[in-house]
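Working notes, beginning with the structure itself.
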Amino acid sequence: MSYSTRRGVLKTLLFGGTALAAPSALWAVEYGRGEGMPWAPMRGDPPYYGTTEARFFTPDERAAVAAISARLIPSDDDGPGATEADVVTFLDRQMAGFYGRGQHWYMKGPFAEGTDTQGYQSEYPPAELYRHALAELDAYCRAQDDESFAGLSEGRQDEILTGLDEEKITFGAVSAKVFFDLILKNTIEGYFADPTYGGNRDMVAWRYVGFPGTRYDYRDFVNHGGAPIPLEPVSLMGRPGWSRP
């Protein structure tokens with residue numbers, strides 16, 4: 001992919017509404033989606049708007065998810081990919097939190113196949129969908145190649161991901177296509193989301209597309225016409241907080 005095309009695609013994803021400064025799990029006015037307020041009263045604790053450092057993936061699952069995200073947004077000479085942005089940490093924290101539990105969704109039956117405009121329709125919350133799908137993906141790879149997904153060549157990984165996307169590879173317990181679409185969406189979110197949520201490490205994605213982050217005032221750049229904005233990006237938590245591993 002050429003420089004302009006690759007950068008243009010990622011920039012379109014950033015500004016096109018798929019992934020803004022916050023992941024979709026945080027599009028709500030209620031803190032923690034029913035988990036209560038993010039601080040204790042009368043203690044002076046500042047509210048925390050990011051995700052906790054909880055973990056959901058097993059080591060094997062984390063390796064598979066890291067490999068998948070690395071193929072969905074690959075690293076090359078043109079710019080950073082999901083690996084440099086540490087997207088897997090973003091995904092791990094999302095699956096460990098209320099988004100992974102589907103805490104804010106209606107998750108009872110009946111379960112029918114939805115239309116393209118109806119959004120997520122699985123009977124499993126995202127974390128359980130990931131767990132079932134990763135187990136089936138691992139079984140498929142070991143049956144076909146006698147190797148885990150993370151241990152395959154990049155070319156073979158691309159073939160399998162294409163098979164999931166085009167529904168040439170199917171799973172038993174969950175939909176392989178639903179899993180592919182969800183992890184693609186979550187990977188894009190982790191690449192562009194504010195670093196306080198675990199991804200976009202050191203704001204590499206924002207630097208790549210020329211997005212200055214959560215600055216107060218953009219009036220000098222209202223008519224920039226999509227050109228990169230030459231300002232040091234700023235995170236929701238301020239500069240000291242975004243490089244924490």
Exercise for the section: Among what's in segment 98-124 and is under 16 Å from ARG55 (Cα atoms) and open to solvent by 20 Å² or more (accessible area, probe 1.4 Å), pick the residue that is modelled with the highest pLDDT. Expected result: ARG101
Problem - Per-region count, segment 185-225, residues within 30 Å of LEU161 (Cβ to Cβ), of a type in the set (D, E, K, R) and not in a loop (DSSP other than H, G, I, E, B) - result: 5
Handout entry: ARG215 being over 19 Å from LEU91 (Cα atoms), open to solvent by 30 Å² or more (accessible area, probe 1.4 Å) and without any contact (Cβ under 8 Å) to a residue 12 or more places away in the chain
Key = no
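Here is a check on your reading of the model: is ASP202 under 14 Å from the mean Cα position of the chain (by Cα) and at pLDDT below 95? Can you show your working first?
Numbers: under 14 Å from the mean Cα position of the chain (by Cα): no; at pLDDT below 95: yes.
So ASP202 fails the test.
Being open to solvent by less than 60 Å² (accessible area, probe 1.4 Å), touching a residue at least 60 places away in the same chain (Cβ under 8 Å) and among the acidic types (Asp, Glu): is that true of ASP145 here?
On the way: open to solvent by less than 60 Å² (accessible area, probe 1.4 Å): yes; touching a residue at least 60 places away in the same chain (Cβ under 8 Å): no; among the acidic types (Asp, Glu): yes.
It is false that ASP145 is open to solvent by less than 60 Å² (accessible area, probe 1.4 Å), touching a residue at least 60 places away in the same chain (Cβ under 8 Å) and among the acidic types (Asp, Glu).
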Handout entry: Matching residues in segment 52-106 - criterion: being of a type outside the set (A, V, I, L, M), part of a helix (DSSP H, G or I) and under 12 Å from the mean Cα position of the chain (by Cα)
Key = SER69, THR89, PHE90, ASP92, ARG93, GLN94
Exercise for the section: Could you list all residues from segment 75-97 that are touching a helix residue (DSSP H, G or I) at 6+ places or on another chain (Cβ under 6 Å) and open to solvent by 50 Å² or more (accessible area, probe 1.4 Å)? Expected result: THR83, GLU84
Practice task
Quick one: ASP146 ticks every box in (1) out of contact with any strand residue (DSSP E or B) (no Cβ under 7 Å at 6 or more places or on another chain); (2) on the phi < 0 side of the Ramachandran plot except a single one, so which number is it?
Solution key: (2)
Handout entry: So SER153, is it surrounded by 13 or more Cβ atoms within 10 Å (Cβ to Cβ) and polar (S, T, N, Q)
Key = no
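The values are calculated or read from the model by the stated rules, or taken from the named source; none is laboratory data. Quantities reported herein were computed from a predicted structural model and do not represent experimental measurements. Quick reminder, even Gly has a Cβ in these numbers, built from the backbone with ideal geometry, and neighbours come from all protein chains shown. SASA here: full protein model, heavy atoms, side chains in, ligands and nucleic acids out. Shrake-Rupley method; radii C 1.70, N 1.55, O 1.52, S 1.80 Å.
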